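Read the structure below first, then the notes.
What follows draws every value from the coordinates through simple rules; no lab data is involved. Treat the numbers as computed from the prediction; the structure is a model and nothing was measured. Heads up, the Cβs are rebuilt from the backbone with ideal geometry, glycines too, and the neighbour counts pull from every protein chain shown.
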Amino acid sequence: MQKSRLRLGVNVDHVATLRNARGGAVPDPVRAALLAVEAGADGITAHLREDRRHIIDGDIDRLMAALTVPLNFEMAATPDMQAIALRHKPHAVCIVPEKRAERTTEGGLDVAGNDNALAAYIAPLRDAGCRVSLFIAADEAQINAAHRIGAPVIELHSGAYADAWAAGDWAMRDAELQKITEMTSYATDLGLEVHVGHGLTYDCVTPIAALPQVAELNIGHFLIGESVFLGLGPAIAEMRRLMDAARA
Ligand code: PXP
């Protein structure tokens, strides 16, 4: 089987986190996005949270104007966010669960428990031409529900896998990797496109990148952190190299 190139989406949220720590204009997430593309990113991901703690509305306006690669717009399933997405019509919309108190997106979306509401929610986004993705756990019931409501793409949450790796819990790491492996095949057989994201690092990316059916990885926090030491371009280029080596 010809292996397809694994796409890298670089999430620039935490460039905005750093900017917002001082409330000014720098560092600019749009500048980071353009550099990321030069360094090998196939797309840019940005999460407009309801509390605007990192990316703000003006960043989305500027990303839409500046980017020549797809923007993956992450958002909670709220009416306000739907209106913003419909105004911009980004290439992709990734629906994520959002809790105000969480530091980051902690779990996957409960599609199985909300399928009627989510089906109605994503329909206008699909009609507007956005590729709708649902951020879910590697769980058969959630995948079945995503398929049932007509989402073309799912993104599997790799947070537990990455946490197990960081903690040196190899039994948990292997169990999480097995779930992601099996559920990637299961979802692909249903006709869904599979992305994976959250918590991925140089250490733990290879086994995920090696899964031939995974179409895209979305990586943010680690890359922005690593760029403090290496510079953003080299940090991304190293991730790209590891992903390509895993696919070779
Ligand atoms: N994918 C989704 C759906 C996310 O919500 C996030 C975090 O915003 C990421 C990928 C990137 O995760 P990280 O910043 O841990 O690499």
The chain, convex hull of Cα, quarter of hull surface, nm² -> 12.9
Just how many % of Cα pairs in segment 191-248 lie over 15 Å apart, if you round to the nearest whole percent? 46
Between the alpha-carbon centers of segment 6-72 and segment 129-198, tell me the distance in whole angstrom. 24
Over the Cα atoms of segment 143-248, Rg to Rh with Kirkwood Rh, two decimal places? 0.99
Relative pair counts by distance (%), Cα atoms of segment 155-204, 5 Å bins: 5, 23, 29, 23, 12, 7, 2
Please build a GNM for the chain, connecting alpha carbons under 10 Å apart, and tell me which residue among Arg31, Arg173, Arg87 fluctuates the most. Arg87
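For Ile84, Ile95, what's the fewest-to-most ordering of other Cβ within 10 Å of each Cβ? Could you put the intermediate results ahead of the total?
Details: Ile84 18, Ile95 28.
Listing Ile84, Ile95 from fewest to most nearby Cβ atoms yields Ile84, Ile95.
About its Cα centre, what dipole magnitude does segment 90-248 give when the only charges are +1 on Lys and Arg Cβ and -1 on Asp and Glu Cβ, stated in debye to the nearest 20?
The dipole of segment 90-248 has a size of about 360 debye.
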Compare the Cα positions of Pro97, Ala145, Ala123 along the charge dipole of segment 89-160 (+1 at Cβ of Lys, Arg; -1 at Cβ of Asp, Glu; about the Cα centre) and return the one farthest towards the positive end. Ala123
Do you know the relative contact order of the chain, to the nearest whole percent, from alpha carbon pairs under 8 angstrom that are 6+ apart? 20
Backbone HN-Hα couplings from phi across segment 70-79 [Karplus 6.51/-1.76/1.60, Hz, Gly and Pro as x]: x, 9, 9, 8, 8, 7, 7, 7, 10, x
Nearest-0.05 FRET efficiency for Ala248 and Asp51, computed from C-beta distance (R0 51 Å): 0.75
With the radius of gyration and the Kirkwood radius both derived from the Cα set of segment 79-171, what is their ratio Rg to Rh? 1.02
